[in-house]
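Worksheet: one structure, shown below.
The values are calculated or read from the model by the stated rules, or taken from the named source; none is laboratory data. Bear in mind the structure is a predicted one, so any value in this text is a computation, not a measurement. Cβ sites come from the backbone with ideal geometry, for glycine too, and all protein chains shown count toward neighbours. With ligands, DNA and RNA removed, areas are computed over all heavy atoms of the protein, side chains included. Shrake-Rupley method; radii C 1.70, N 1.55, O 1.52, S 1.80 Å.
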Amino acid sequence: MTTDTITLANCYHCGNDCTEGQYELDAHAFCCAGCKGVYQVLSQSGLCNYYHYNDHPGANRAKFDKRYEYLDEPGIIKDLVDYQDDQVTVITLYIPYIHCSSCIWLLEQINKIDPAIYYSRVDFLRKQVNLRFDNRKITLRQVVEIMVDIGYEPLISLQDIVKKQTGIVKDNLVKKIAVAGFCFGNVMLLSFPEYFGLSGYEQTFRHFFGWLNILFSIPVLLYCGSGYFTSAWANLKNKVLNIDFPLALGIGVLFLRTVIEILTHTGAGFADTLCGLVFFLLVGKFVQQKTYYHISFERDYRSFFPVAVQVIEEGKERPLPLSDLKIGHRVLIRHNEIIPADAILLKGEACIDFSFVTGEAAPVEKTLGEVVYAGGRQIGPAIELEVIKPVSQSYLTQLWNNEAFTRKQDNRMQTFNQRVSKYFTVVLLIIAFGSLVYWLPSDIHRGFAAFTAVLIVACPCALALSTPFTMSAALGIFDRSLFYLKNTAVVEQLARIDTIVLDKTGTITNSSEENVTLYASLTHTDRQMIYSVCSNSIHPLSKQICDFLGNVPKLSIVNYQEIPGQGIAATVNGQLLIVGSSSFVFDNNSGTEDNKSTKVHLRIGGKYLGYFSFKNHYRDGLYRITNLNSYYDIYLLSGDNNHERKALLPFFKSDSFMHFNKSPQQKLDFIKSLQAEGKKVMMIGDGLNDSGALKQSDLGIAITDDVNNFSPGSDAILDGRSFKKLVRFLRFSKDTVLIIHISFLISLSYNLLGLSFAVTGKLSPLVAAILMPVSTATIIAFTSIATHVAARNRKLL
């Protein structure tokens with residue numbers, strides 16, 4: 001009788017038997033595709049040392065952790081996700097273990113572990129990751145288990161902690177500061193006899209105090225300073241040198257010197273310097289973290305300050321700021337408007353474009369009573385919704401920064417700053433080891449003192465902070481001036497602009513002051529029909545028509561269609577109503593246009609009724625545009641006719657800089673042609689017919705007089721009241737770049753001065769540790785003060 005022996009291989013990642021099939025890669029066996037995927041990601045990033053410290057350190061991807069069974073419940077999933085349909089789920093998770101660039105890299109490569117995860121983007125400041133995955137191929141529970149397997153367990157709360165959590169410090173920084181301060185104080189007290197000298201018969205106390213100092217140094221090294229070692233090690237494994245590496249090296253050297261000197265009775269060691277160094281480093285980190293949190297909070301709260309929504313109360317509409325929108329409010333969402341909060345559809349035909357959320361352009365139809373997620377854009381007639389979740393401005397900010405609306409911009413200054421910081425660390429290590437080697441033969445004590453002082457005093461923290469803090473201070477100035485920029489990179493982009501393209505209607509014209517004249521004989525029913533159709537649109541001319549007609553009772557409409565730059569068509573009372581340009585109403589320009597004014601023509605049931613005539617009033621401050629003609633090429637790009645060419649000519653260099661009768665596609669093509677000539681183009685439009693051109697331009701600004709106009713494709717939102725400040729904004733952006741250059745020189749000067757003393761070995765590491773947070777505070781203070789001074793000079797404060 002023959003006996004077959006089956007030998008089971010052990011999984012290289014988790015150590016379990018490969019019982020359900022076997023996956024192989026690099027001569028290693030894996031029990032499942034998940035374990036193989038984790039190994040593949042770590043291998044590609046050079047992190048396979050992960051496996052050297054334990055034979056099988058990974059968790060088993062194939063086994064489900066019962067801790068996450070609750071994530072299979074539909075009711076719980078509904079409370080946690082940002083968006084969900086039959087194919088795609090979008091969720092934001094809080095990951096308290098994110099601490100360095102390696103974490104960011106690995107979490108953003110998670111799609112290589114499972115291709116069903118389409119998208120992963122990390123917000124480092126908030127320690128959040130935004131995920132988009134195919135819920136037909138992978139469940140939320142499986143996504144969370146993958147993250148647990150690679151060491152990034154999300155903190156999930158049914159109280160929606162991700163949205164509410166913004167500034168809670170999860171790394172016990174305050175506790176670490178308290179422990180370091182306690183140890184620092186005690187070590188200083190025990191070191192006083194050493195400072196003042198001990199008599200011969202008191203030498204036994206020297207050894208006793210030395211041992212106590214070592215005991216106080218251990219929690220400072222292992223607990224308070226552990227973050228610097230873990231960060232440095234993680235970055236080294238990823239072949240990256242960050243600023244924590246020289247600090248960790250300095251802390252380690254101080255501790256080893258202290259232990260060796262006390263054990264060999266050759267000195268008192270540097271326990272006081274070690275504890276003081278870590279204490280002051282943590283205090284500086286706390287100040288930096290609080291400043292970043294303030295910046296982050298301010299952007300969350302203020303970025304969408306101009307956004308509001310129409311609320312229906314007692315049958316009447318009124319605008320309401322998003323901050324005041326509550327659960328239970330009934331809101332009206334018109335064609336092309338963003339849905340600001342999760343809501344239930346109560347009335348109307350919902351055809352929602354969720355491309356801002358999922359990246360998929362195909363509209364999704366919703367039925368009455370169905371949940372409609374925040375971030376979708378209504379395509380079609382107005383709908384009424386009831387809010388079931390509070391509005392999340394941080395979620396709207398996330399939409400605005402979605403990579404689908406982010407261009408590959410050449411942010412040279414930011415890249416330059418990062419590159420300098422990286423090379424600075426390399427140069428710093430060379431100088432530190434050079435100082436050690438130079439002094440070691442003649443004075444080993446002085447050599448280690450120089451080595452440690454160089455590592456501490458020349459930390460490039462202040463160098464790396466100059467750009468973000470200057471830009472963030474500038475964002476605050478712009479916000480207060482009703483100019484809302486997407487992020488700090490836009491400030492720098494604004495300074496590099498050399499060409500400005502302006503739309504006409506709703507951009508340089510003030511829709512709130514336009515005079516409307518009706519050249520038609522309309523019955524009450526005609527007025528109702530026109531009002532019912534135009535009230536679904538957010539176009540400036542549609543709103544003017546509604547204001548002119550007054551608040552008349554609405555009629556039900558079907559087959560609503562709005563063509564950008566052309567007009568609106570819909571069926572009312574069984575009749576086709578067309579409102580728009582002559583080419584749209586008269587079918588490819590079979591009608592005539594006298595080019596003397598802006599006109600919106602009317603046609604009901606095949607019968608032409610007449611038109612509305614609009615007399616434009618230009619925005620306050622348009623005359624100041626002429627001040628920019630010497631520095632910028634300024635173009636007018638309008639979809640309207642050229643009846644105002646003569647009136648607008650004084651604002652532009654010549655007639656060739658004005659272009660009329662341009663469709664949305666022609667506007668986009670014109671922007672492309674300017675960019676092909678090497679120009680940096682800024683487009684200012686109303687965000688409706690100009691959305692393509694705004695996105696194509698190097699910097700797109702959506703201008704609005706209505707608080708609810710929002711275009712994710714734009715880089716900034718400009719309140720119409722601040723159009724007159726455009727010249728100041730452009731000049732202030734250049735001032736901001738100059739401040740960055742100056743702060744960079746200040747930081748560099750400080751480092752060179754500190755290094756010149758540190759290499760001599762006469763600069764105490766404790767003094768260096770105190771000077772480092774002082775330099776950081778100096779940069780923060782200088783950038784803040786200088787930015788505010790520049791803002792006052794530009795009359796922005």
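Do any of K486/K672; K316/K662; K646/K734 go past 26 Å between their Cα atoms, and which?
Over 26 Å apart, Cα to Cα: K316/K662; K646/K734.
Please give the solvent-accessible surface of F584 in Å², to the nearest 10, using a probe radius of 1.4 Å with every protein chain present.
Counting only protein heavy atoms, F584 exposes about 50 Å² to solvent.
Regarding region 516-615, what whole-number volume in Å³ per residue does the convex hull of its Cα atoms give?
Hull volume over Cα atoms, normalised by residue count, gives 94 Å³.
Treat each spin label as a single point 7 Å out from the Cα along the C-beta direction, and report the H643 to S656 distance in nm.
Spacing of the two 7 Å Cα→Cβ label points: 2.9 nm.
If you project the alpha carbons of region 71-156 onto their three principal axes, what span does each projection cover, largest first, in Å?
Result for region 71-156: principal-axis Cα extents of 35, 24, 19 Å.
At what distance in nm do the modelled label points of D324 and K734 sit from each other, each positioned 7 Å from its Cα along Cα→Cβ?
4.1 nm
In nm, what is the difference between 0.36 nm times the number of residues separating A27 and Q666 and their Cα-Cα distance?
224.3 nm
Expressed in nm to one decimal, what extension gain is obtained for the pair A777 and W233 from 0.36 nm per residue of sequence separation less their Cα-Cα distance?
193.1 nm
Any chance you could check the Cα centroid distance between region 649-695 and region 241-279 for me, in angstrom?
Their Cα centres are 62 Å away from one another.
So if R0 is 22 Å, what FRET efficiency would H617 and H524 give, r being the distance between their Cβ atoms, rounded to the nearest 0.05?
Details: r = 30 Å, r/R0 = 1.36.
After rounding, the FRET efficiency stands at 0.15.
So, for region 71-156, what is the accessible surface per residue at a probe of 1.4 Å, expressed in square angstrom?
Solvent-accessible surface per residue comes out at 38 Å².
Can you give me the distance in nm between label points at N573 and V552, each placed 7 Å from the Cα along the Cα-to-Cβ direction?
Taking the simple label geometry, N573 and V552 are separated by 0.9 nm.
Pull up all non-local amide H partners of L555: gap of 5 or more, or a different chain, and H-to-H distance under 5 Å with H placed in the peptide plane.
Those lying under 5 Å, H to H, from L555 are S532.
Express in nm, to one decimal, how much length is gained between L189 and L346 on full extension, taking 0.36 nm for each residue of separation and deducting their alpha carbon distance.
Value of the extension gain: 49.4 nm.
May I have the extent of the alpha carbons of region 320-378 along their three principal axes, as whole Å values ordered from largest to smallest?
31, 22, 17
Just to check I understand the Karplus step: with θ = phi - 60° and J = 6.51 cos²θ - 1.76 cosθ + 1.60, what whole-Hz values come out for region 619-631, glycine and proline as x?
5, 4, x, 4, 4, 6, 4, 4, 5, 9, 4, 7, 10
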